[in-house]
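Okay, so here's the structure we're looking at.
The values are calculated or read from the model by the stated rules, or taken from the named source; none is laboratory data. The model shown is predicted, which means the values in this text are computed figures rather than measured ones. Counting neighbours? That spans all protein chains shown, and the Cβs are built from the backbone with ideal geometry, glycine included.
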Amino acid sequence: MHPIAERLGAFSAPGQCLFNEPMRSHTTFRVGGPADFMFFPETSEQVVMAIEAAKAENVPAMVIGNGSNLIVKDGGVRGLVIVLGERFSALSLEGNIISAQAGVSLAKLAAFAHANSLTGLEFASGIPGTLGGGAAMNAGAYGGQLSDVLIDALVYLNGEVVTLTREEMQMGYRTTRPLKEGGVVLSARFELVPGDKDEIGERMKDLNARRREKQPLNFPSAGSTFKRPEGYFAGALIEQAGLKGLSVGGAQVSEKHAGFVINTGDATAADILSLIKKVQDAVYDRFGVQLETEVRIVGE
């Protein structure tokens, strides 16, 4: 048995550690080769112990949520992938303050706020990621973002677990200090405002209907593929460049919303990355604008 597997086994239960696990089963794009080792922690302590075990054994480690903002290359990921998911998704409420572990989905977090008649997280109900990744990149939609309601976050940063206030998180457009410094958000607290439960529900319904109408939710994707370039909208530039429907293998620029690259069924990561490059080149040639990917690209 590999020493990293032995170390992980020493502080976890059977089933928490998998070997040669296909990453396509753990990303919303449904692509990606195998991870050498995959671990599903249940506590903040286990997250930290797994990261430190990997360091001690000189094994590369990567932390993911539900893989919603991720392209994993076809050769897979060497080393350890730590998945903050269902097993690490507790929610609790004290007054108007929600505490949430990193593995909870943003949709579930918004639903919990709604169930408790608290307003402020409606925008998050349609964002496909988890809290850990969402807080680390200051996820947002429809004019709201997590920094609007975040009080503080528990973060593993530079070898120690620290509580960072909203100011200390340095939250900007899709960026935060943990993201820049390679930190891992373990949990976070949000302060919301009491509201009318029906009105909150209506707002969520309305935002989700708008999302369904505009976004290609019937196909696997990693959400919005490109960051918004200063002064432009990525989708509009791609559409104006005549790229809607452009395909490479099973990867396609969505006919419904040009800002999304989708997997029409049998795409490989290589197809997706090749299509992204074609889109970037065409938009640059036409408009002189360099589109940056919003998705994280990992593996080999």
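Side notes on the structure shown:
- Residue that is modelled with the lowest pLDDT [pool: residues in the range 255-293 that are farther than 13 Å from GLY235 by Cα and among the acidic types (Asp, Glu)]: ASP266
- Within the range 264-276, residues that are under 8 Å from VAL248 (Cα atoms) reach partners that are part of a loop (DSSP other than H, G, I, E, B) with beta carbons closer than 8 Å, at six or more positions or on different chains, in the pairs ASP271/GLY249; ASP271/GLY250; ILE272/PHE29; ILE272/VAL31; SER274/GLY249; LEU275/LEU246.
- The range 32-88: number of residues that are crowded, with 19+ Cβ neighbours inside 10 Å, part of a loop (DSSP other than H, G, I, E, B) and among the polar types (S, T, N, Q): 3
- Yes/no for LEU275 being among the hydrophobic types (A, V, I, L, M, F, W, C), buried (at least 20 other Cβ atoms within 10 Å of the Cβ) and either assigned by TED's automatic domain parsing to the domain that holds ASN66 or touching a strand residue (DSSP E or B) at 6+ places or on another chain (Cβ under 7 Å) (or both): yes
- Residue check for LEU84: modelled with pLDDT of 95 or more and closer than 23 Å to ALA269 by Cα: yes
- Taken as a whole, the structure leaves MET38 outside the set of residues that are farther than 19 Å from GLN101 by Cβ and of a type in the set (A, V, I, L, M).
- Whichever residue in the range 240-255 is part of a loop (DSSP other than H, G, I, E, B), of a type outside the set (A, V, I, L, M, F, W, C) and buried (at least 17 other Cβ atoms within 10 Å of the Cβ) and, among such residues, is farthest from the chain's Cα centre (by Cα): GLY250
- Evaluation of MET169 against (1) within 19 Å of THR43 (Cα to Cα); (2) touching a Ser or Thr at 6+ places or on another chain (Cβ under 6 Å); (3) buried (at least 24 other Cβ atoms within 10 Å of the Cβ) (one fails), failing number: (1)
- Test for SER25: is it surrounded by fewer than 18 Cβ atoms within 10 Å (Cβ to Cβ) and closer than 17 Å to ALA222 by Cα: yes
- Test for GLU122: is it modelled with pLDDT of 95 or more, surrounded by fewer than 24 Cβ atoms within 10 Å (Cβ to Cβ) and of a type outside the set (Val, Ile, Thr): no
- Unmet requirement for ALA234, which otherwise passes all of (1) within 20 Å of THR27 (Cα to Cα); (2) buried (at least 21 other Cβ atoms within 10 Å of the Cβ): (1)
- Being more than 19 Å from ARG296 (Cβ to Cβ), assigned to a strand (DSSP E or B) and not assigned by TED's automatic domain parsing to the domain that holds HIS257 is a property that does not hold for ALA209.
- Each residue in the range 89-123 was checked for being part of a loop (DSSP other than H, G, I, E, B), within 30 Å of GLY15 (Cα to Cα) and without any contact (Cβ under 8 Å) to a residue 60 or more places away in the chain, and 4 of them qualify.
- Qualifying residue in the range 98-105 (condition: surrounded by fewer than 21 Cβ atoms within 10 Å (Cβ to Cβ), over 25 Å from PHE226 (Cα atoms), touching a strand residue (DSSP E or B) at 6+ places or on another chain (Cβ under 9 Å) and not aliphatic (A, V, I, L, M)): yes
- The test for being closer than 23 Å to ARG174 by Cα, of a type in the set (D, E, K, R) and outside the structural domain of VAL81 (by TED's automatic domain parsing) does not hold for GLU255.
- Test: residue in the range 215-226 that is modelled with pLDDT of 95 or more, of a type in the set (Gly, Ala, Ser) and assigned to a helix (DSSP H, G or I): no
- Selection of the range 274-296 for residues being over 27 Å from ILE64 (Cα atoms) and hydroxyl-bearing (Ser, Thr, Tyr) yields only TYR284.
- So VAL162, is it within 30 Å of GLU57 (Cβ to Cβ) and free of Cβ contacts under 8 Å to residues at least 24 places away in the same chain: yes
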